[in-house]
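K.L.:
Below: one structure in structure tokens.
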Amino acid sequence: MALLIRNGEIVTANTRFNGDIYIEDEIITRLGRDLEAPPGTEVIDASGKYVFPGFIDPHVHVYLPFMATFAKDTHETASIAALMGGTTTFIEMCCPSRNDDALEGYQLWKSKAEGHSACDYSFHMSVTKFEQNTPGQLREIVKDGISSFKIFLSYKNFFGVDDAEMFQTLTLARELGVLTTAHCENAELVGRLQQRLLAEDKIGPEWHEPSRPESVEAEGTARFATFLENTGAAGYVVHLSCEPALQAALTAKWRGVRLAIESVIPHFLLDKTYAERSGVEGMKYVMSPPLREKRNQRALWDALANGSIDTVGTDHCPFDVEQKRLGKDAFTQIPNGIPGIEERVQLLYTYGFSRGPLDLYRFVDAASTRAAKLFGLFPRKGTIAEGSDADLVIYDPAYRGMLSAKTHHGNNDYCGFEGFVVEGRPSVVTVRGKVQVRDGQFVGERGRGRMLKREPFHFR
Ligand code: URP
Ligand code: ZN
Ligand code: ZN
């Protein structure tokens, strides 16, 4: 059935106008004013509301065996939570460990998502070792529609690669036109500092940050950039958390390294005092890189506002309270991660745009358009244009609410942003022209999401 969205304020990363959007066969076919609704067309009145392109979360974990347990979401729960928050596409980290076969891992991750996601999705393919058969396997995965890799410089012996493996991965990525995303922390330093703290009987979650200080992340970021420079590959730093790492990334960009920067919503709004709360309350906030001193947030917001930080993701990675307690005797055993897939857009709108330094264009760019461009989804995703997929968020700016685990949709028993006030909410969300959320309720088709095939390209 055709759909006409009338009288909304349509906002993209570079335009803003009042008008109508006509959708047929999953695609936006007309934009204009006073468009006709042929018989049988569903009409939605968006007066007083914004219409944004569907938001894209470039960094989530859904299926994830990690730290002796599994992240809690399924593709059904994560995608419904995503849609409730206005995210219509996510890119999941496909993370087989060093002990797993990469191709088998890729097939496994695909099978977990297929037929279960209510929104569209893709994967970044993690390269967690580099063996003789790795190039052949990666070429096959790229041919299947995956145009980004992921490497971890931390999590030694599990996901982590050494410098030789990083060099080999980036050399191949350069040849294939694949963008390599990287978790940048020095694995050796993290391991040594963890052991030293534990030996001093410093076992609580408040010691997680001192075990991975800002300098450890800055070193990883600078090293990744140096390897990009010397291989000619293009890179993307994930979940950047602090000013020294930002400086390292910007210094590299200024000397011509092809590097994009992501930060994630927790680092803009939460600080290390959350992880210093006692017992499991602190454990809920253990993630890597860790929550930092509050002073870093100013630098992150400024860099986001001026576009030096390209994207805001979540690093959605839900472990429940029982799982967090696995680390009650040693902070090194606390499963790392925090959920956020549902909360990201409302938080960024409220604290980035409404009360913060972003204009509405940069808000759309950081939460949707820039990720679409970097990861080969634009203009199919990330904008509102004739010919684009009809992934749309009708956002009601008049709504006022509060985030809570009592009302969220992810499969987790806590919300990292419990009690945060939010302004506005997605009242209607469409995925390829089908209404999946209406009046803040999921009303959609559970298995509607499709895996998006992405072509390699050479980001400049
Ligand atoms: O703490 C985090 N970030 N957990 C998920 C794994 C990762 O490093 O992205
Ligand atoms: Zn990471
Ligand atoms: Zn992650």
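The values are calculated or read from the model by the stated rules, or taken from the named source; none is laboratory data. What you see is a predicted model, and the numbers here were worked out from it, not measured in a lab. Cβ sites come from the backbone with ideal geometry, for glycine too, and all protein chains shown count toward neighbours. For accessibility, only protein heavy atoms count, side chains too; no ligands or nucleic acids. Shrake-Rupley method; radii C 1.70, N 1.55, O 1.52, S 1.80 Å.
K.L.:
Divide the volume of the convex hull of the Cα atoms of the range 73-143 by its number of residues and quote the answer in cubic angstrom per residue.
P.N.:
Working: hull volume 5.8 nm³, N = 71.
Convex hull of Cα atoms, per residue: 81 Å³.
K.L.:
Once the principal axes of the Cα atoms of the chain are found, what is the range along each, listed largest first in whole angstroms?
P.N.:
The Cα atoms of the chain stretch 72, 48, 40 Å along their principal axes.
K.L.:
Moving on to the next point. Relative to the longest principal axis of the chain, what angle (0 to 90°, nearest 10) does the C-alpha long axis of helix 243-254 take?
P.N.:
Helix 243-254 sits roughly 70 degrees off the main axis of the chain.
K.L.:
May I ask you to give the solvent-accessible area per residue for the range 322-405, in square angstrom, as obtained with a 1.4 angstrom probe?
P.N.:
On the way: 2760 Å² over 84 residues.
Each residue of the range 322-405 exposes 33 Å² on average to a 1.4 Å probe.
K.L.:
Next up: Figure the gain on full extension for Asp144 and Thr74 (residue separation times 0.36 nm, minus the Cα-Cα span) and round it to one decimal in nm.
P.N.:
On the way: separation 70, 0.36 × 70 = 25.20 nm, distance 2.28 nm.
Result: 22.9 nm gained on full extension.
K.L.:
If I take every Cα pair under 8 Å that is 6 or more residues apart in the chain, average their sequence separation and divide by the length, what percent do I get for the relative contact order? Walk me through the numbers on the way to the answer.
P.N.:
On the way: 1143 pairs, mean separation 106.3, N = 460.
RCO, the chain: 23 percent.
K.L.:
What share of all Cα pairs of the range 223-299, in percent, falls into each consecutive 10 Å distance bin?
P.N.:
In order of increasing distance, the bins hold 19, 42, 26, 12, 2 percent.
K.L.:
Still on this structure, please answer the following. Can you work out ³J(HN,Hα) from phi for every residue in the range 12-21, in order, using Karplus 6.51 cos²θ - 1.76 cosθ + 1.60 and θ = phi - 60°, giving whole Hz and x for Gly and Pro?
P.N.:
10, 6, 9, 9, 7, 7, 8, x, 10, 10
K.L.:
Give me, ordered by chain and number, the residues 5 or more places off Asp396 or on other chains with an amide H under 5 Å from its own placed amide H.
P.N.:
Arg425, Ser427
K.L.:
Now a separate question. Need the C-alpha centroid separation for the range 265-318 versus the range 362-426, integer Å.
P.N.:
18
K.L.:
Can you compute 3J(HN,Hα) from phi for each residue in the range 296-309, using the Karplus curve 6.51 cos²θ - 1.76 cosθ + 1.60 with θ = phi - 60°, rounded to whole Hz and x for Gly and Pro?
P.N.:
Along the range 296-309, the couplings run 5, 5, 4, 5, 5, 4, 4, 5, 5, 4, 8, x, 5, 8 Hz.
K.L.:
Another question about this same structure. How long is the range 286-415 along each principal axis, judged by its Cα atoms, biggest number first, in Å?
P.N.:
Principal extents (Cα only, largest first): 55, 33, 32 Å.
K.L.:
Within the set of other residues whose C-beta is less than 12 Å from the C-beta of Thr273, count the net charge using Lys and Arg as +1 and Asp and Glu as -1. Mind dumping the intermediate values first?
P.N.:
Values: positive: Lys272, Arg277, Arg292, Lys294; negative: Glu206, Glu209, Asp271, Glu276, Glu281, Glu293.
After counting each charged neighbour, the total is -2.
K.L.:
Find the percent of Cα-Cα distances in the range 243-352 that exceed 25 Å, and round it to a whole number.
P.N.:
Numbers: 1619 of 5995 pairs.
In whole percent, the share of Cα-Cα pairs in the range 243-352 beyond 25 Å is 27.
K.L.:
When you have a sec, figure out the Kirkwood radius of the range 18-103 from all distinct Cα pair distances and drop it here in Å to one decimal? Can you show the working numbers first?
P.N.:
Working: mean 1/r = 0.0605 Å⁻¹.
Result for the range 18-103, one decimal place: 16.5 Å.
K.L.:
Rounded if a/c is under 1.5, else prolate if a/b beats b/c, else oblate: with a ≥ b ≥ c from the C-alpha gyration tensor eigenvalues square-rooted, which is the range 188-317?
P.N.:
Values: a/c = 2.51, a/b = 1.53, b/c = 1.65.
Oblate, since a/c reaches 1.5 and b/c is not below a/b.
K.L.:
Further, regarding this structure: Rounded to the nearest 10 Å², what accessible area does Asp359 show when all protein chains are kept and the probe is 1.4 Å?
P.N.:
That residue has around 80 Å² of solvent-accessible surface.
K.L.:
Can you tell me the 0 to 90 degree angle between the C-alpha axis of helix 163-176 and the longest principal axis of the chain, rounded to 10?
P.N.:
Between helix and principal axis, roughly 30 degrees.
K.L.:
For Ser117, enumerate residues with amide H under 5 Å from its amide H, sequence gap 5+ or separate chain, H modeled in the peptide plane.
P.N.:
For Ser117, the qualifying residues are Gly449.
K.L.:
Using alpha carbons only, how many angstrom separate the centre of the range 81-101 from the centre of the range 194-242?
P.N.:
So the separation of the two Cα centres works out to 22 Å.
K.L.:
Same structure, new question: Viscosity 1.002 mPa s, temperature 20 °C: Stokes-Einstein D of the range 120-183 from its Kirkwood Cα radius, in µm² per second?
P.N.:
Working: Rh = 11.8 Å.
Stokes-Einstein gives a translational diffusion coefficient of 182 µm²/s.
K.L.:
Something else about it: P(r) for the range 147-216: what percent of alpha-carbon pairs falls in each 10 Å bin, starting at zero?
P.N.:
The percentages, shortest bin first, are 19, 40, 25, 13, 3.
K.L.:
Can you pick out the pairs among Lys253/Lys381; Lys143/Lys294; Lys129/Lys373 whose Cα atoms lie more than 32 Å from each other?
P.N.:
Working: Lys253/Lys381 26 Å; Lys143/Lys294 43 Å; Lys129/Lys373 28 Å.
From the list (Lys253/Lys381; Lys143/Lys294; Lys129/Lys373), the Cα-Cα distance tops 32 Å for Lys143/Lys294.
K.L.:
DSSP beta bridges in the chain, what fraction antiparallel, as a percent rounded to 5?
P.N.:
Values: 33 of 69 bridges.
DSSP beta bridges in the chain are roughly 50 percent antiparallel.
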